[in-house]
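Accompanying notes for the structure given below.
The values are calculated or read from the model by the stated rules, or taken from the named source; none is laboratory data. All of these numbers come straight from a predicted model, not from anything done at the bench. Reconstructed Cβ throughout: ideal geometry from the backbone, glycine too, with neighbour counts over all protein chains shown.
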């Protein structure tokens with residue numbers, strides 16, 4: 001009996017405690033580029049600064065970057081934008097967007113697409129702040 005109580009105490013005390021702090025949810029601050037590398041992110045921002053249409057990046061950049069418009073953020077699914085790693089002013093993020101297409105009155109398709117990429121750290125804000133703005 002004493003041995004069973006000791007074993008139970010070891011299991012209770014030795015078990016790892018669950019994390020008390022949940023990872024904070026983030027949203028984009030306005031529209032933002034998300035690219036497969038920090039270098040491609042810089043190229044996309046330069047394209048936009050030079051007067052190019054942000055929704056139509058040229059050449060190979062279109063295959064490596066996505067432009068998340070402010071209005072698209074309502075389609076970002078929980079757990080929303082998560083930070084994976086940081087590299088100076090850039091941060092690697094992951095998020096999922098729900099895309100719904102209506103084909104006919106009763107026929108529609110819904111896709112959930114996960115994106116991973118780099119964006120500017122200044123383009124992220126806590127989701128609580130995003131909700132306060134009224135988005």
ask   = Scanning region 45-68 for residues that are assigned to a loop (DSSP other than H, G, I, E, B) and out of contact with any strand residue (DSSP E or B) (no Cβ under 8 Å at 6 or more places or on another chain), which turns out modelled with the lowest pLDDT?
value = 58
ask   = Which residue pairs have Cβ atoms closer than 6 Å, lie 6 or more positions apart in sequence or on different chains, and pair a first residue in region 69-98 that is assigned to a strand (DSSP E or B) with a second residue that is loosely packed, with under 12 Cβ neighbours inside 10 Å and at pLDDT 90 or above?
value = 92/84; 92/85; 94/84; 96/112; 96/114; 98/112
query = Looking at region 99-109, is at least one residue at pLDDT below 90, under 16 Å from the mean Cα position of the chain (by Cα) and surrounded by 10 or more Cβ atoms within 10 Å (Cβ to Cβ)?
reply = yes
ask   = So which residues in region 33-44 are touching a residue at least 24 places away in the same chain (Cβ under 8 Å) and assigned to a helix (DSSP H, G or I)?
value = 38, 40, 41
remark   = Taking region 112-135 and keeping residues assigned to a strand (DSSP E or B) and exposed (fewer than 10 other Cβ atoms within 10 Å of the Cβ) leaves 114
task = Might you let me know whether region 109-127 holds any residue that is without any contact (Cβ under 8 Å) to a residue 40 or more places away in the chain and out of contact with any strand residue (DSSP E or B) (no Cβ under 7 Å at 6 or more places or on another chain)?
result = no
